[in-house]
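Asker: Structure in structure tokens, see below.
The values are calculated or read from the model by the stated rules, or taken from the named source; none is laboratory data. It should be emphasised that the depicted structure is a prediction, and the values quoted were computed from it without experimental measurement. No Cβ is skipped: glycine too gets one built from the backbone with ideal geometry, and neighbour counts run over all protein chains shown.
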Amino acid sequence: AAVDRIDAVEDKVDGYLCLTTETAMKEAEELDGLIAKEGRKDVLEGIPYALKDNMCTDGIQTTCASKILGDFVPPYNSEVYDRLLAQKGILLGKANMDEFAMGSSTENSAFKVTKNPWDLTRVPGGSSGGSAVVVASDMAYYSLGSDTGGSIRQPAAFCGVVGMKPTYGLVSRYGLVAFASSLDQIGPFTKDVEDCAIVLSAIAGHDPKDSTSLKVDKKDYTQNLKEGAKGMKIGVAQAFMGEGLQPEVRAAIDSAIDTYRAMGAEIVDVSFEYLDYALSAYYLISSAEASSNLARYDGIRYGVRAEEYADLVDMYRKTRTQGFGDEVKRRIMLGTYALSSGYYDAYYKKAMQVRTLIMDDFKNVFDSCDVLLTPTTAKTAFGIGEKTGNPLEMYLTDIYTVPVNIAGIPGISIPCGFDNDGMPIGMQLLGPVLSEEKILQAAYAFE
Ligand code: GLN
């Protein structure tokens, strides 16, 4: 059924960068026979899914939607892929994304622009736009994305699906091409909250191959799902309900608050002191880390090399000039500047100090509530091309999602209504470190 959907709609939405459907069909047939004989062993056995094209897949392209990795076929698997292989999941392909996960619309892909299935003239969000679209349009039953500043939750909101960024370190990033190492986290896109809990259960848990992996045992995140929201303390903060909020988004959040109240949850007002600085801190920290992580693309170790050059330095320069897109270059320059001597204290160090203040802010907030309810984005999906000429406006679309990565806490985006044009609206549920079960429970109660 997923392959039929790919045949019918992939041409219109361009969600995939590469398809592995031929192998997938063979695997499915073999598995059919096996399941008929032995029964199903794992919940995800035989379920077709997609991976964002920044997760390494042995023998299958992993381009990060960049020309510089255009011909890169990794010789090893990312840990998440290995865990899904172990459950006999069936990979349908690699999903489109913003180059190196830098962007909020998937328009920064070097290869194609993915369209929002609800309105083909609008963006699907980003950077994991492809992963959101393949699930929203039934071209996969779940997918994985990565979220450095909102790249799972924002496209989930724009495409009307569920997307979760787990606690920093809960899901192994071994084999995930790094963007900003202190912020990156892998998580699922699904049609509903229960599927999200199932996929999280499959990919979460300690991995010795990732030095930032938390020492947390595997567990079944579906266990407490159905316990309801009664008695739960749900925080609401004015800082997330500011001026730029589209009226229909505000109305959808207000109505979600009413729904929780009706279910017996206690709604508490909470406040932040430093949230206004989150976006600036995020773009400094993420660009600084990116400039360092991307130094490895030098034309020698990976991927594409410029064809003509005079000497070694010229080869580096030409390879990087030709291989990276504009947004990636912008981040490398911004990050290199923020880390350079003389500016380090003024920018990078300051941003790290702000980061600590924002973490404390969240700690205080979670002293008085179990989960925090916010819109995922201030507005619904924007038009293709609408923000490409104005990077700052593009960055501003992440204002409600980046604080979560700065604090390392988990967050989920679930659909909560539609605007007047019929575009989906998403709401975010956030909680303290390792509160995934509570967040999923609150999300499931709403759904
Ligand atoms: N849109 C944000 C950025 O461009 C977040 C990206 C992400 O989460 N990977 O950095």
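Asker: Would you mind listing the strands (runs of 3 or more DSSP E) fully within the range 124-216 where at least 2 residues are more than 14 Å from the chain's Cα centre (by Cα)?
Answerer: none
Asker: State whether one or more residues within the range 32-52 are in contact with a Cys (Cβ under 7 Å, 6 or more places away or on another chain) and either within 16 Å of the ligand (Cβ to nearest atom) or part of a loop (DSSP other than H, G, I, E, B) (or both).
Answerer: No: the range 32-52 contains no residue that is in contact with a Cys (Cβ under 7 Å, 6 or more places away or on another chain) and either within 16 Å of the ligand (Cβ to nearest atom) or part of a loop (DSSP other than H, G, I, E, B) (or both).
Asker: In the set GLY145, GLY175, GLY169, GLY103, which member is in contact (Cβ under 8 Å) with a residue 60 or more places away in the chain, away from the ligand (no atom under 12 Å from the Cβ) and closer than 27 Å to ASP71 by Cβ?
Answerer: One residue alone meets the criteria, GLY175.
Asker: While we're looking at this one, here's another question. Does the range 337-357 hold any residues that are within 16 Å of the ligand (Cβ to nearest atom) and modelled with pLDDT of 95 or more, and which are they?
Answerer: ALA351, ARG355
Asker: Give ASP192, ASP184 a once-over and let me know the one that is closer than 17 Å to ALA442 by Cβ, at pLDDT 95 or above and among the charged types (D, E, K, R).
Answerer: Going through ASP192, ASP184 in turn, the sole match is ASP192.
Asker: While we're here: Which ones in the range 350-369 are surrounded by 14 or more Cβ atoms within 10 Å (Cβ to Cβ) and either over 30 Å from ARG261 (Cβ atoms) or not aromatic (Phe, Trp, Tyr) (or both)?
Answerer: LYS350, ALA351, MET352, VAL354, ARG355, LEU357, ILE358, MET359, ASP361, VAL365, CYS369 - these are the residues of the range 350-369 that are surrounded by 14 or more Cβ atoms within 10 Å (Cβ to Cβ) and either over 30 Å from ARG261 (Cβ atoms) or not aromatic (Phe, Trp, Tyr) (or both).
Asker: Is there a residue in the range 64-71 that is modelled with pLDDT under 95 and either surrounded by fewer than 22 Cβ atoms within 10 Å (Cβ to Cβ) or outside any loop (DSSP other than H, G, I, E, B) (or both)?
Answerer: Yes, that holds for at least one residue.
Asker: So how many residues does the range 375-415 have that are over 15 Å from GLY129 (Cβ atoms), assigned to a loop (DSSP other than H, G, I, E, B) and in contact (Cβ under 8 Å) with a residue 12 or more places away in the chain?
Answerer: 7
Asker: Does the range 246-265 hold any residues that are surrounded by fewer than 16 Cβ atoms within 10 Å (Cβ to Cβ), of a type outside the set (Lys, Arg) and either in contact with a Gly (Cβ under 9 Å, 6 or more places away or on another chain) or without any contact (Cβ under 8 Å) to a residue 40 or more places away in the chain (or both), and which are they?
Answerer: Hits for the range 246-265 are PRO247, ALA251, ASP254, SER255, ASP258, ALA262, GLY264.
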